[in-house]
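Structure record follows, encoded as structure tokens.
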Amino acid sequence: LWQACCLNTPKMEAIHELLQNVKDLPPTPQVLIKVLGALRHEQVTIEEIGDLISYDPALTGKLLHYCNSVYFSGREPVSSVPEAIGRVGFKTIFVLVSAATGSRTFNLPPASGLDAAQLWKHSLTAAFGCKFVAEDLELDGNMLFTAGLLHDVGRVILCKAKGHEYGQIIAQANATQTRSLGLETAAYGFTHADVGGCLMAKWQLPPLLIEGVQFHHRPMDAGESKKIAACVCIGNLLSHFFDQPTKAWQIDDAELRTAMELLEINDHKMKFYDEQIKENWDFVNSLILIR
């Protein structure tokens, strides 16, 4: 799958070369992949999930830190992974594991000019948006949360590879209030979404996750994964709209409308998902602050 993603075309060969030249690629989220797979089995036990997480001491420490944070205050501190799972439940523990894993990924070189904290906030908010859309449509909420969290991981790689040059592309996009995709393609021949998809293929993540990220700006091109990509597209835009409330989703946005039509979502549903983010903002913000 990695070779199929990155070696078949000149564009993918260029991305492969880019990834080869980045010295500090984010580590493969092995534990997250295993936990995601395990939670698909209804009979999975607290002990089994706890064993998977405890395999990674750094992840365990971060997870316990989350569970003992101000958001969960008023309770006795937890001191072990099984105790943490028993306290918050499987759904919340997966969110916490994803956030702890993702926080390792969003480290940007200072010279790039990009705001790592803002990118992390956007990615976490998008992840929750994806999760709420997925659960409403009876899709895999955990998988979509992961896709939302990693949908902009290609930006991290471009920052590491291109530094201030890529920062200027983002600055230009922000200044002109346009998406960066056209500028990225003009400069490099590919987009951050293409880079993210190839990195996730290198990590050997499930195909639906890879394609959900790679095609989140053009879900109609995602084939059998187009609904997943559409969910990621909507989660991404929900995050942008939440951060910039003056931009309503009623705007004439072809990308958004395509995703909404694919999922048969109307404006009323978009407002519902936005309200869900607001209602859960204390939890989302607690994860943003603990990084």
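The values are calculated or read from the model by the stated rules, or taken from the named source; none is laboratory data. Just so it is clear, the model here is predicted, and its values are computed rather than measured. Cβ coordinates were reconstructed from backbone atoms using ideal geometry, including for glycine residues, and neighbour counts include every protein chain displayed. Just so you know, the surface numbers come from the protein's heavy atoms only, side chains and all, with ligands and any DNA or RNA stripped out. Shrake-Rupley method; radii C 1.70, N 1.55, O 1.52, S 1.80 Å.
Going through (1) assigned to a helix (DSSP H, G or I); (2) in contact (Cβ under 8 Å) with a residue 40 or more places away in the chain; (3) surrounded by fewer than 24 Cβ atoms within 10 Å (Cβ to Cβ) one by one, residue 139 falls short only on (1). Tallying residues that are open to solvent by 30 Å² or more (accessible area, probe 1.4 Å) and within 19 Å of residue 103 (Cβ to Cβ) within region 151-180 yields 2. From the list 99, 117, 111, the lone residue that is crowded, with 21+ Cβ neighbours inside 10 Å and in contact (Cβ under 8 Å) with a residue 40 or more places away in the chain is 99. For region 181-189, check the following and say yes or no: at least one residue is outside any helix (DSSP H, G or I), open to solvent by less than 10 Å² (accessible area, probe 1.4 Å) and in contact (Cβ under 8 Å) with a residue 40 or more places away in the chain. No, region 181-189 contains no residue that is outside any helix (DSSP H, G or I), open to solvent by less than 10 Å² (accessible area, probe 1.4 Å) and in contact (Cβ under 8 Å) with a residue 40 or more places away in the chain. Residue under question is residue 81, and the condition is that it be more than 20 Å from residue 274 (Cα to Cα), more than 19 Å from the chain's Cα centre (by Cα) and open to solvent by 10 Å² or more (accessible area, probe 1.4 Å); does it hold? Answer is no for this residue. Taking residue 233 as the residue in question, decide whether it is free of Cβ contacts under 8 Å to residues at least 60 places away in the same chain and either open to solvent by 70 Å² or more (accessible area, probe 1.4 Å) or on the phi < 0 side of the Ramachandran plot (or both). Yes: the conditions hold for residue 233.
Can you pull out the residues in region 195-207 that are in contact with a Cys (Cβ under 9 Å, 6 or more places away or on another chain) and either open to solvent by 10 Å² or more (accessible area, probe 1.4 Å) or not aliphatic (A, V, I, L, M) (or both)? The answer is 197, 198, 202. Among the helices (runs of 4 or more DSSP H) confined to region 25-116, the ones with at least 1 residues that are touching a helix residue (DSSP H, G or I) at 6+ places or on another chain (Cβ under 9 Å) and modelled with pLDDT under 85 are located at 81-105. The residues in region 53-78 that are within 18 Å of residue 104 (Cβ to Cβ) and open to solvent by 50 Å² or more (accessible area, probe 1.4 Å) can be counted, and the count is 5. Of the residues screened, residue 125 is one that is crowded, with 22+ Cβ neighbours inside 10 Å, under 30 Å from residue 12 (Cα atoms) and in contact (Cβ under 8 Å) with a residue 40 or more places away in the chain. Candidates in region 24-68 are the residues that are hydroxyl-bearing (Ser, Thr, Tyr) and more than 17 Å from the chain's Cα centre (by Cα); of these, the one that is nearest to residue 95 (Cα to Cα) is 66.
List the pairs whose first member sits in region 53-72 and is closer than 19 Å to residue 284 by Cα, whose second member is open to solvent by 40 Å² or more (accessible area, probe 1.4 Å) and in a helix (DSSP H, G or I), and whose Cβ atoms are under 7 Å apart, counting only residues at least 6 apart or on separate chains? Taking only residues 6 or more apart or on different chains, the pairs are 67/87; 71/282. Pick from region 270-291 the residues that are touching a residue at least 60 places away in the same chain (Cβ under 8 Å) and surrounded by fewer than 17 Cβ atoms within 10 Å (Cβ to Cβ): which of them is farthest from residue 94 (Cα to Cα)? If we take residues in region 270-291 being touching a residue at least 60 places away in the same chain (Cβ under 8 Å) and surrounded by fewer than 17 Cβ atoms within 10 Å (Cβ to Cβ), then 272 is farthest from residue 94 (Cα to Cα).
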